[in-house]
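Here's the structure we're looking at; comments come further down.
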Number of protein chains: 2
Amino acid sequence: MNKEIIVGIDIGGTTTKFGLVDHQGNVIFQSSVNTQNPDFREFLNDLEEAIWAGINSVDPTLKIRGIGVGAPNASYYTGTIEQAVNLPWKGVPIVKYMQEDFNVPVVATNDANAAAMGEAIYGHAKKMNDFVVITLGTGLGSGIVTNGKLVHGHQGFAAELGHVTVNPNGRQCGCGRKGCLETYVSATGIKRTIFKLLADYTSDSELRDISFNDLSTKMITEIAERGDFVAQKSFEYTGKILGQKLADTVAHLDPEAIFILGGLSQAGKHIFEPTIRHMEANLMPIYKNKVNVLPSGLGNQTAPILGASSLIVDYFKQNEF
Amino acid sequence: MNKEIIVGIDIGGTTTKFGLVDHQGNVIFQSSVNTQNPDFREFLNDLEEAIWAGINSVDPTLKIRGIGVGAPNASYYTGTIEQAVNLPWKGVPIVKYMQEDFNVPVVATNDANAAAMGEAIYGHAKKMNDFVVITLGTGLGSGIVTNGKLVHGHQGFAAELGHVTVNPNGRQCGCGRKGCLETYVSATGIKRTIFKLLADYTSDSELRDISFNDLSTKMITEIAERGDFVAQKSFEYTGKILGQKLADTVAHLDPEAIFILGGLSQAGKHIFEPTIRHMEANLMPIYKNKVNVLPSGLGNQTAPILGASSLIVDYFKQNEF
């Protein structure tokens, strides 16, 4: 029998990464194509050609077992990428098209759900039935697993924790509301906090020489490590708000662990320590010291591809092949 | 074959109600025993005698298929009633004892989870895979169903929505923290709100003649219907806080419906209307006008017994008998 692989695809605003994943969870080939093509069918042709080129370069006899797709606002139920702020298309039936082109099972869901499934299949959640994944990128994404299964909800839009409310009169959010969690806790959120702190305090700070658009979470982390008051305070503030809201999430789900992934999680103790401290301070006694807040068990580079490919592992598990 | 029934037991602080439920979900016999016996084994003997007496009075050939128990702080995983504020025992292994005494399947869980399962088996959630139940009694209890299954969480303590935080510096809560949802939204919570409003405003109100201990939600409802400013404002305030926090619950779970049960729900439009209005105002666009907020599909009297008995229906479903 020919060797089987799963194709994992992670569609991002700028580039779409994909990889070929073997039975052991190794990414044996990895590449990317440009996402910014307004013609979705053309984009998909480019992606499919790149997948075939990858297969041919590794071993032309490889058999595709299935294709998993993680994309912002992709609906698990309809297989369609709905209206995503950073993508050039809307309402595109990616699952239908790829099933026709490859004649294998194709499963799509939003990127944070894919990350949660990746953690369950390849990462630190292998033996967990109840856990939550938080991805801190441009926004805040999340995936929820209960009773060993991803929670999609009635419409397929469960786990939008970026849009729980911190303050109904708070910061303007891209969703049209105010005070959503992701306006405080995300790569963009912490930048907004930095600029608020620079306004509120008079302290000297390296951060006063950097524009909003130039500032990155990596820079904030490095500046915090040099002892900068504003940078350090921005992590404390971000962790406080995340910790308070995670306590509410625990009261809903009583999870075994909460994984924090994505760019801002790379700040390590700067973000984990205040988050855990404030979460614990807001937990009712039965939950205290019971919920682990952890980094991902997957490498930062391959995590999105493994997450997407794990959707297919899960698909075959559920259909008991 | 002898006719089979399920015994549904609802253990409350003062009385323990039980009923015999037939295959069609009819409560064919119903009675109660006193809960306030510090000797748990004695209490259980009284209860079991009353169950046998009930069976003998209806039809001595009835066969017990299983026993479902709803009780505050009962753990689904351990079958034990842990430390409940209003019960005279702690850490009592009710499932073990009743299994030994009756030699049939016995399942226990907290009363709000039992209510959720009752709604799924006998009520308005028969075809729903994703919904939430909120019980407004002395406190605020809740049950969560995702993917057609009750969410118990890692420790068995999921769905403690009474203890999400409204305000970290808010009202003192029985759990030892401050500002928990149930300190605002529950039979006790709305009484606290009434007394705050009587302090904050100078308006005349019938409520100024009633002591805290004498006041009931039924009285608040009647007084609101006579146009009393303070009574009406107390519902608006309660609904605002519940609606805001339910919007966060929707962002977690994307449920098809939220059922509101228990004494305070009997206030009807007084509590439902502001709750729905404020929930909608706090939902992100994808959820707006998609989540039904509904009263229970079960009668108020039999709901707890049907809820408890439904645990056994669910048990046999899951074990595919």
Inset, instruction - Any residue in segment A:182-195 that's farther than 15 Å from residue A:262 by Cα: show its pairings with residues that are part of a loop (DSSP other than H, G, I, E, B) at Cβ separation under 6 Å, as long as the two are six or more apart or on different chains. - result: A:183/A:171; A:183/A:173; A:184/A:166; A:191/A:215
Legend entry - Condition check for residue B:298: modelled with pLDDT under 95 and in contact with a helix residue (DSSP H, G or I) (Cβ under 9 Å, 6 or more places away or on another chain): yes
Inset, instruction - Kindly establish whether residue B:276 is in contact with a helix residue (DSSP H, G or I) (Cβ under 8 Å, 6 or more places away or on another chain) and either closer than 30 Å to residue B:31 by Cβ or at pLDDT 95 or above (or both). - result: yes
Inset, instruction - Could you identify the single residue in B:165, B:146, B:135, B:193 that is in the same structural domain as residue B:257 (by TED's automatic domain parsing), at pLDDT below 95, surrounded by 20 or more Cβ atoms within 10 Å (Cβ to Cβ) and β-branched (Val, Ile, Thr)? - result: B:135
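Residue-wise test of (1) of a type in the set (Val, Ile, Thr); (2) in a helix (DSSP H, G or I).
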| residue | (1), (2) |
| --- | --- |
| B:101 | no, yes |
| B:104 | yes, no |
| B:114 | no, yes |
| B:118 | no, yes |
| B:124 | no, no |
| B:129 | no, no |
| B:133 | yes, no |
| B:138 | yes, no |
| B:144 | yes, no |
Legend entry - Members of segment A:159-206 found to be of a type in the set (A, V, I, L, M, F, W, C), touching a Ser or Thr at 6+ places or on another chain (Cβ under 9 Å) and either closer than 16 Å to residue A:264 by Cβ or within 14 Å of chain B (Cβ to nearest Cβ) (or both), listed by number: A:159, A:161, A:164, A:166, A:173, A:180, A:181, A:185, A:187, A:190, A:194
Inset, instruction - Among the residues of segment B:129-165, count how many are closer than 23 Å to residue B:318 by Cβ and among the polar types (S, T, N, Q). - result: 5
Legend entry - Breaking point among (1) over 30 Å from residue A:230 (Cβ atoms); (2) within 14 Å of chain B (Cβ to nearest Cβ), for residue A:298: (2)
Inset, instruction - Check residue B:146 against each of (1) over 19 Å from residue B:248 (Cα atoms); (2) more than 17 Å from the chain's Cα centre (by Cα) and name the one condition it does not meet. - result: (1)
Legend entry - Conditions (1) within 22 Å of residue B:271 (Cβ to Cβ); (2) in contact with a helix residue (DSSP H, G or I) (Cβ under 7 Å, 6 or more places away or on another chain); (3) among the hydroxyl-bearing types (Ser, Thr, Tyr); (4) away from every other protein chain (no Cβ under 14 Å); number of the one not met by residue B:122: (1)
Legend entry - Qualifying residues in segment A:254-271 (those that are surrounded by fewer than 18 Cβ atoms within 10 Å (Cβ to Cβ) and of a type outside the set (Gly, Ala, Ser)) - the one nearest to residue A:122 (Cα to Cα): A:266
Legend entry - Single condition residue A:71 does not satisfy, out of (1) at pLDDT below 95; (2) away from chain B (no Cβ under 12 Å); (3) touching an Asp or Glu at 6+ places or on another chain (Cβ under 7 Å); (4) surrounded by fewer than 18 Cβ atoms within 10 Å (Cβ to Cβ): (4)
Inset, instruction - Among the candidates B:260, B:271, B:220, single out the residue that is in a strand (DSSP E or B) and either among the charged types (D, E, K, R) or more than 14 Å from every other protein chain (Cβ to nearest Cβ) (or both). - result: B:260
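Here is a check on your reading of the model: is residue B:168 under 25 Å from residue A:245 (Cα atoms) and more than 17 Å from the chain's Cα centre (by Cα)?
Details: under 25 Å from residue A:245 (Cα atoms): yes; more than 17 Å from the chain's Cα centre (by Cα): yes.
Spelling it out, residue B:168 is indeed under 25 Å from residue A:245 (Cα atoms) and more than 17 Å from the chain's Cα centre (by Cα).
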Legend entry - Index of the failed condition, residue B:246 passing every other in (1) within 14 Å of chain A (Cβ to nearest Cβ); (2) touching a Leu at 6+ places or on another chain (Cβ under 8 Å); (3) among the aliphatic types (A, V, I, L, M): (2)
Inset, instruction - Kindly indicate whether any position in segment B:129-136 is away from every other protein chain (no Cβ under 13 Å) and acidic (Asp, Glu). - result: no
Inset, instruction - Name every residue in segment A:146-158 that is at the interface with chain B (Cβ under 7 Å from one of its Cβ atoms) and not in a loop (DSSP other than H, G, I, E, B), in order of residue number. - result: A:146, A:149
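Here is a check on your reading of the model: is residue A:316 at pLDDT 95 or above, in a helix (DSSP H, G or I) and more than 14 Å from chain B (Cβ to nearest Cβ)? Step through it out loud before you land on a result.
Details: at pLDDT 95 or above: no; in a helix (DSSP H, G or I): yes; more than 14 Å from chain B (Cβ to nearest Cβ): yes.
No; evaluated as a whole, the condition is false for this residue.
Is it the case that segment A:305-315 has a residue that's of a type outside the set (D, E, K, R), closer than 19 Å to residue A:184 by Cα and within 20 Å of the chain's Cα centre (by Cα)? Write out each step before concluding.
Filtering segment A:305-315 down to residues of a type outside the set (D, E, K, R) leaves A:305-313, A:315.
Adding the requirement that they be closer than 19 Å to residue A:184 by Cα leaves none.
The answer is no; no qualifying residue exists.
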Inset, instruction - Check segment A:94-111 and report whether any residue there is within 12 Å of chain B (Cβ to nearest Cβ), closer than 23 Å to residue B:285 by Cβ and surrounded by 21 or more Cβ atoms within 10 Å (Cβ to Cβ). - result: yes
Legend entry - Residue that is farthest from the other protein chains (Cβ to nearest Cβ), among those in segment B:283-295 that are closer than 30 Å to residue A:72 by Cα and among the hydrophobic types (A, V, I, L, M, F, W, C): B:293
Inset, instruction - Among residues belonging to segment B:16-38 that are outside any strand (DSSP E or B) and either in contact (Cβ under 8 Å) with a residue 24 or more places away in the chain or of a type in the set (D, E, K, R) (or both), point out the one that is surrounded by the most Cβ atoms within 10 Å (Cβ to Cβ). - result: B:35
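Quick check on segment A:172-183. Is at least one of its residues β-branched (Val, Ile, Thr), surrounded by 20 or more Cβ atoms within 10 Å (Cβ to Cβ), touching a strand residue (DSSP E or B) at 6+ places or on another chain (Cβ under 8 Å) and outside any helix (DSSP H, G or I)?
Here is the first cut: in segment A:172-183, the ones β-branched (Val, Ile, Thr) are A:183.
When the remaining residues are screened for being surrounded by 20 or more Cβ atoms within 10 Å (Cβ to Cβ), the result is A:183.
If we keep only those that are touching a strand residue (DSSP E or B) at 6+ places or on another chain (Cβ under 8 Å) as well, we get A:183.
Next, from what is left, pick out any that are outside any helix (DSSP H, G or I): none.
Scanning segment A:172-183, I find no residue that is β-branched (Val, Ile, Thr), surrounded by 20 or more Cβ atoms within 10 Å (Cβ to Cβ), touching a strand residue (DSSP E or B) at 6+ places or on another chain (Cβ under 8 Å) and outside any helix (DSSP H, G or I), so the answer is no.
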Inset, instruction - Only residues that are assigned to a loop (DSSP other than H, G, I, E, B) and either touching a Phe, Trp or Tyr at 6+ places or on another chain (Cβ under 8 Å) or farther than 10 Å from residue B:11 by Cα (or both): list them for segment B:68-84, please. - result: B:73, B:75, B:76, B:77, B:78, B:79, B:80, B:82, B:83, B:84
Legend entry - Test set (1) in contact with a Phe, Trp or Tyr (Cβ under 6 Å, 6 or more places away or on another chain); (2) more than 15 Å from residue B:251 (Cα to Cα) - residue A:127 fails condition number: (1)
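The values are calculated or read from the model by the stated rules, or taken from the named source; none is laboratory data. The model shown is predicted, which means the values in this text are computed figures rather than measured ones. Backbone-built Cβ (ideal geometry, glycine too); neighbour counts: all protein chains shown.
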